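What follows is a set of notes on a single structure, which appears directly below.
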Amino acid sequence: MMKIHKIPNQIIKGRLTPLIPSKVIGLALHHMATNADIKTIERGHINQGWSAIGYNFWVAFDGTIYEGRGFNQGAGVDKQNSTVISIGFQGDYHSKPVSMPDEQFNAGIDIITYVKSKLPYIRKIGGHKDFMATACPGKYFPLDEMIGGKKRSVKMIYNYIDENTAKIADDCNECLQHLVDNGYLKGNEKGELNLTLEMIRIFLVHYRAGLYD
Ligand SMILES: [Zn+2]
């Protein structure tokens, strides 16, 4: 399930201008040109005199989605911020070849889907560069793949399988993969889930009952 997080101790100066949903026709994706975290990006924008972080939403490497200005007017695309909403992505996808982490990529698809559902007049989704002259979100940003909307299967290490419990049930891997792919379960930075046998059994029962569909 997608969860949108508040920026810890978010800074907003003055009052933001709400977007008029019927006027928002574009959605622009951005990179940061740096690996800086959300608070560092926010501080940079505040220090240049903006009232809040410029992006409407922001996606970290680990797939955490933050609400920036939300459905208030952003500052991502010069002179078009009443008609274009912006999603920022942690990282530098331009200066050297890098591949976006699967968690960040899949979260990108989730937040695009969510924003589209709230702003049904959006008819153009693209990189920042598709709205004005800029390199953003960078030549290594998986733009077409993300707009295509097909999620990647998140790789994980099946470390719950040990000598004694080599096989719990035929649909066990399928169940856990489904939970990972849909964000119900998240591994640590190594992709390890560290589940106990009891937890896996409960997940399986719920999975078969269709609770995670
Ligand atoms: Zn940009």
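Considering (1) surrounded by fewer than 23 Cβ atoms within 10 Å (Cβ to Cβ); (2) in contact (Cβ under 8 Å) with a residue 24 or more places away in the chain; (3) over 27 Å from residue 185 (Cα atoms), the lone condition that residue 69 does not fulfil carries the number (1). Is region 43-61 home to any residue that is among the hydroxyl-bearing types (Ser, Thr, Tyr), out of contact with any helix residue (DSSP H, G or I) (no Cβ under 8 Å at 6 or more places or on another chain), at negative phi and in contact (Cβ under 8 Å) with a residue 60 or more places away in the chain? There is no residue in region 43-61 that is among the hydroxyl-bearing types (Ser, Thr, Tyr), out of contact with any helix residue (DSSP H, G or I) (no Cβ under 8 Å at 6 or more places or on another chain), at negative phi and in contact (Cβ under 8 Å) with a residue 60 or more places away in the chain.
Look at residue 10 and say whether it is within 16 Å of the ligand (Cβ to nearest atom) and out of contact with any Pro (no Cβ under 6 Å at 6 or more places or on another chain). Judged against the criteria, residue 10 is not a match.
Looking for something among the β-branched types (Val, Ile, Thr) and surrounded by fewer than 21 Cβ atoms within 10 Å (Cβ to Cβ) - is there at least one such residue anywhere in region 43-56?
To start, the set of residues in region 43-56 that are among the β-branched types (Val, Ile, Thr) comprises 46, 53.
Then keep just the ones that are surrounded by fewer than 21 Cβ atoms within 10 Å (Cβ to Cβ); that gives 46.
The answer is yes, given that some residue of region 43-56 is among the β-branched types (Val, Ile, Thr) and surrounded by fewer than 21 Cβ atoms within 10 Å (Cβ to Cβ).
Looking only at region 19-32, residues that are away from the ligand (no atom under 14 Å from the Cβ), within 22 Å of the chain's Cα centre (by Cα) and of a type outside the set (A, V, I, L, M, F, W, C) come to 1 in all.
Scanning region 182-210 for residues that are surrounded by 15 or more Cβ atoms within 10 Å (Cβ to Cβ) and of a type outside the set (Gly, Ala, Ser) yields 182, 184, 185, 186, 193, 195, 200, 203, 204, 207.
Of all residues in region 100-150, which are among the hydroxyl-bearing types (Ser, Thr, Tyr) and over 15 Å from the mean Cα position of the chain (by Cα)? Listed by number, the residues that qualify are 117, 121, 134, 140. Scanning region 134-181 for residues that are modelled with pLDDT under 75, crowded, with 16+ Cβ neighbours inside 10 Å and closer than 30 Å to residue 88 by Cα turns up 154, 156.
The values are calculated or read from the model by the stated rules, or taken from the named source; none is laboratory data. Model, not experiment: these values are computed from the prediction. Note: ideal-geometry Cβ built from the backbone for every residue, glycine included; neighbour counts use all protein chains shown.
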